[in-house]
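The values are calculated or read from the model by the stated rules, or taken from the named source; none is laboratory data. Given the structure is predicted, the values throughout are model-derived calculations rather than measurements. Counting neighbours? That spans all protein chains shown, and the Cβs are built from the backbone with ideal geometry, glycine included.
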Amino acid sequence: MTFVRNCWYVAGWSHEIPRELSTKRIMDEDIVFYRTEAGAPAALEDQCPHKRLPLSMGRLKGDAIECGYHGMTFGANGRCVRIPGQDNLPDSARVRSYPVHETNGIVWIWMGDPALADTSEIFQLPEMQAEGWAPHFGDGLYFAANYVHLADNLCDPAHVAYVHPTTLGNPESEGVPVEVERDGHTVITSRWIRDAPPIGFFKALDLFKGHVDRWHYYYYHAPNIAVIDFGSIETERNASEEERQFGARLFALHFLTPISETETVDYWMHIRNIAVDDPGMGDRMNEQFRVAFDEDKVVLEAIQRREEKPLDRRPVRLAIDKGPNYLKKIIAEMAARERPEKAAAE
């Protein structure tokens with residue numbers, strides 16, 4: 001699956017990008033990150049154009065990086081500002097500079113054409129800053145799997161009863177149909193489970209005593225962002241789908257950043273409408289999420305390993321594949337628009 005480059009990806013949480021030089025690989029590109037003296041994040045190609053030594057092995061000089069081999073120095077815009085022993089600075093003496101932007105405790109990076117990088121297109125969920133909601137950052141979970149496998153998983157409520165039986169699902173959801181729709185570049189899959197025991201996630205938090213009505217709304221914004229609106233409310237309230245805010249409601253956010261064709265980092269966090277002034281509740285919820293997401297990791301990495309072997313027969317297709325199939329089609333369309341000749345050849 002070809003990467004979609006003209007898109008904002010999460011490079012890391014703000015606290016993961018220090019003043020000192022640090023490195024990350026995104027879409028098979030090695031990138032050196034740092035902060036300027038003013039505190040703004042910067043990202044450059046991690047390779048000196050002279051002898052190809054990684055710039056991350058050099059040192060910071062103000063807002064510029066000095067190569068650790070011969071002292072060529074590059075500003076945050078990628079242009080060479082100093083070559084020891086000569087005054088001439090050839091135009092070719094530059095490295096790629098990546099557009100980056102920091103907001104809401106997240107550092108974003110644009111991997112495509114810099115001229116198209118519009119910060120107004122960076123994903124925003126209103127609840128991130130809304131009264132009555134509490135955001136709580138999680139981890140950057142590494143998967144030895146292509147990001148499309150993660151995307152498939154994140155628009156598929158049907159897997160929850162089987163992969164997460166003790167955390168995010170239980171058997172009562174197994175036969176409930178999944179509703180699917182497409183809205184532009186977004187795939188929405190959803191279902192309600194009525195009059196059922198609470199899932200292990202809420203049991204561990206001791207939030208419900210009897211049966212509940214619970215929901216899953218999976219919003220996958222292609223190519224790389226999933227928002228899962230899930231929660232529960234007491235069955236006796238007979239709540240409608242528009243009354244979810246009266247129950248225990250959470251948004252689990254997943255920002256997928258491809259490392260390579262077979263590796264991905266899932267930067268995840270949650271936003272909740274309960275115990276908003278209690279960080280300890282956020283920590284307890286995150287521990288539940290870690291158990292669940294590790295369960296996904298085992299499954300998706302096993303699928304990746306199988307995919308790398310020859311296929312001896314066509315996979316079986318099920319009705320529950322409608323959402324993931326929409327998603328794969330959207331990602332393929334987005335990639336084709338960026339590189340039509342390559343897409344046609346593939």
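Does residue 98 qualify as being under 29 Å from residue 266 (Cβ atoms), surrounded by 17 or more Cβ atoms within 10 Å (Cβ to Cβ), in contact with a Leu (Cβ under 8 Å, 6 or more places away or on another chain) and assigned by TED's automatic domain parsing to the domain that holds residue 249? Taking the combined requirement at face value, the residue does not satisfy it.
Within region 173-196, the set of residues being more than 26 Å from residue 221 (Cα to Cα) and surrounded by fewer than 17 Cβ atoms within 10 Å (Cβ to Cβ) comprises 175, 194, 195. Scoring residue 42 on the criteria (1) without any contact (Cβ under 8 Å) to a residue 40 or more places away in the chain; (2) under 28 Å from residue 129 (Cα atoms); (3) not aromatic (Phe, Trp, Tyr) leaves a single failure, condition (1). Annotation note: of 333, 301, 287, the sole residue that is assigned to a helix (DSSP H, G or I) and over 28 Å from residue 168 (Cβ atoms) is 333.
With respect to the stated conditions, residue 272 is within 30 Å of residue 131 (Cα to Cα), out of contact with any Ser or Thr (no Cβ under 9 Å at 6 or more places or on another chain), crowded, with 19+ Cβ neighbours inside 10 Å and not small (Gly, Ala, Ser). Note on region 126-151: residues that are surrounded by 13 or more Cβ atoms within 10 Å (Cβ to Cβ) and either part of a helix (DSSP H, G or I) or not assigned by TED's automatic domain parsing to the domain that holds residue 247 (or both) total 7. A single member of 156, 118 is free of Cβ contacts under 8 Å to residues at least 24 places away in the same chain and either of a type in the set (Ser, Thr, Tyr) or under 30 Å from residue 2 (Cβ atoms) (or both), and it is 118. Criterion first (buried (at least 17 other Cβ atoms within 10 Å of the Cβ), more than 14 Å from the chain's Cα centre (by Cα) and modelled with pLDDT of 95 or more) does residue 225 satisfy it? Spelling it out, it is not the case that residue 225 is buried (at least 17 other Cβ atoms within 10 Å of the Cβ), more than 14 Å from the chain's Cα centre (by Cα) and modelled with pLDDT of 95 or more.
Each residue in region 75-108 was checked for being outside any strand (DSSP E or B) and among the charged types (D, E, K, R), and 3 of them qualify.
The set of residues in region 251-292 being within 12 Å of residue 141 (Cβ to Cβ) and charged (D, E, K, R) consists of 263, 266, 290.
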